[in-house]
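Scroll down for the structure; my scribbles are underneath it.
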Amino acid sequence: MRVGIIGLPNVGKSSLFNLLTNAGAQVANFPFTTIDRNVGMVMIPDERMEKVVEITKSPRMRYAAIEVVDIAGLIKDAHKGEGLGNKFLSHIRDVDLIVHILRCFSAPDVAHVSEQLSPGSDYSIVRTELLLADLEIIERRIEKIKKAAEFRDELDRLIRMKEEVSKGRAPAEVHGEVPLLTTKQEIVVLNLDDEGKFKNGVDGYRISVKLEGEIAEFTEDERIELRKDAGVDINGPAGLIKHCLDKLSIILFYTIKGDEARAWPVPQGTTVFEAAGKIHTDMQKGFIKAEVLSCHDFFKAGGFAEAQNLGCTKIEGRDYILHDGEIVLIKFRG
Ligand SMILES: Nc1nc2c(ncn2[C@@H]2O[C@H](COP(=O)(O)OP(=O)(O)OP(=O)(O)O)[C@@H](O)[C@H]2O)c(=O)[nH]1
Ligand SMILES: [Mg+2]
């Protein structure tokens with residue numbers, strides 16, 4: 001699962017990427033600082049896991065992580081190769097979720113495409129480029145198959161999709177051969193001034209990337225107060241990551257083994273057999289059964305063995321579908 005940060009140049013994409021990943025991508029006050037994409041991992045903040053470790057005293061704890069990509073800025077006519085060309089389109093095509101960041105901070109020394117802050121029209125500029133890129137790929141496919149009788153149904157479908165895109169809407173259908181950009185899930189992020197004064201009609205997750213950089217060393221309670229004062233979301237970057245997980249329908253399950261407690265991100269609907277394969281191929285190959293426990297019961301009982309004694313754990317077969325927050329112990333033939 002991969003999240004891609006997109007937006008116009010100089011809106012704070014790399015700054016947000018660094019805030020989330022600590023990867024140290026280049027940030028500068030000129031457009032197109034990012035040329036090739038930056039890729040990093042975002043650790044998923046997880047109070048549940050910290051509570052698990054309080055109980056197990058595991059010396060090692062591994063948070064779940066998802067991949068984030070900081071993509072080059074795009075501008076009007078990018079789909080025709082303006083700015084850094086359309087290489088970035090393939091970078092967007094590679095992600096499962098788009099985080100579209102809009103500049104809502106004023107900084108005279110940081111050039112912006114328009115004189116005034118205009119997140120609404122900035123949003124449209126980027127969205128239009130994605131629509132035009134989609135239109136192009138749909139048209140290309142139509143050209144390719146239009147003469148072949150066996151593609152009649154597909155052609156009808158493509159024509160319907162083309163109509164929708166031409167009207168500025170993401171098509172309702174998805175098409176395996178034609179990976180579109182506008183049908184991807186999206187979260188809009190408003191990158192606000194540290195005074196958070198900026199208001200206009202655009203909705204999105206309110207954050208001040210600059211403020212977050214300045215308050216990193218403060219306690220969480222202090223950070224919450226400062227975010228409140230700034231008129232941004234009190235949950236800061238962690239809240240944004242949570243939104244990403246929700247949009248991607250990712251749940252977390254936990255394993256406690258030897259000296260390590262670990263959180264694993266998997267798509268909703270993952271079976272315990274699939275989860276076993278994610279932990280280790282041997283576990284999947286030799287899978288016998290799984291012992292499963294909600295972390296709520298784990299906390300109440302004060303440990304796995306204690307929960308077993310209380311009869312809170314369940315033995316499940318390979319088709320069992322995992323729930324968010326479950327602790328899983330796989331039994332397998334090694
Ligand atoms: N005042 C203010 N400046 C910011 C904020 N976020 C980023 N900047 C500044 O804006 C400039 C551009 O930031 P980047 O993170 O490089 O922007 P980008 O969107 O990655 O830019 P490109 O890679 O060139 O497309 C830098 O000088 C940052 O310090 C913010 O929240 N407030
Ligand atoms: Mg950048």
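Each reported figure results from applying straightforward, stated rules to the coordinates on display, with no laboratory input. Everything numeric here is computed off the predicted structure, so don't read it as measured data. Cβ sites come from the backbone with ideal geometry, for glycine too, and all protein chains shown count toward neighbours.
A Stokes-Einstein calculation at 25 °C with viscosity 0.890 mPa s, built on the Kirkwood radius of the chain over Cα pairs, returns a diffusion coefficient of 110 µm²/s. The HN-Hα couplings worked out from phi for segment 142-157 by the Karplus form 6.51 cos²θ - 1.76 cosθ + 1.60 (θ = phi - 60°) are 4, 4, 5, 10, 5, 8, 8, 4, 5, 9, 3, 4, 5, 4, 4, 4 Hz, whole numbers, x standing for Gly and Pro. Mean separation of Cα pairs under 8 Å and 6 or more residues apart, divided by the residue count, gives the chain a relative contact order of 18 percent. Relative to the Cα centre, the charge distribution of the chain, modelled as +1 at Lys and Arg Cβ and -1 at Asp and Glu Cβ, gives a dipole magnitude of about 1000 debye.
Applying the Kirkwood pairwise sum to the alpha-carbon positions of segment 269-332 produces a hydrodynamic radius of 11.8 angstrom. From helices alone, the chain scores -11000 deg cm²/dmol at 222 nm; the rule is -39500 (n - 2.57) for each run of n ≥ 4 DSSP H residues, then divide by the residue total. Judged by the gyration tensor of its Cα atoms, with axes a ≥ b ≥ c, segment 109-209 is prolate; a/c meets the 1.5 cut and a/b is the larger of a/b and b/c.
In segment 215-334, Cα pairs under 8 Å separated by at least six residues give a relative contact order of 28 percent. If you wrap segment 177-334 in the convex hull of its Cα atoms and look at it from every side, the mean projected area works out to 13.9 nm². Only Cα sites of segment 195-284 enter the Debye sum here, all with the same form factor; the resulting log10 I(q)/I(0) across q = 0.12 1/Å is -0.58, listed in q order. How far is helix 220-230 tilted off the main Cα axis of the chain, in degrees rounded to 10, range 0 to 90? Orientation of helix 220-230: about 20 degrees from the principal axis. Coupling constants for segment 315-325 follow from the phi torsions by the Karplus curve (6.51 cos²θ - 1.76 cosθ + 1.60, θ = phi - 60°), and in residue order they are 8, 10, x, 4, 8, 4, 8, 6, 10, 4, x Hz; glycine and proline get x. The charge dipole of segment 269-332, taken about its Cα centre with unit charges on the Cβ of Lys, Arg, Asp and Glu (plus for the first two, minus for the last two), comes to roughly 160 debye.
Taken one residue at a time, the phi angles of segment 209-215 give Karplus couplings (6.51, -1.76, 1.60, θ = phi - 60°) of 4, 5, 4, 4, x, 7, 10 Hz. Gly and Pro are set to x. Summary value for segment 269-332: 50 percent relative contact order, contacts being C-alpha pairs under 8 angstrom separated by 6+ residues. Taking the charge dipole of the chain about its Cα centre, with +1 at Lys and Arg Cβ atoms and -1 at Asp and Glu Cβ atoms, the residue from Met61, Ser106, Ala276 reaching farthest to the positive side is Ala276. For Phe332, the residues whose modelled amide H falls within less than 5 Å of its own, excluding neighbours fewer than 5 places apart on the same chain, are Ile288.
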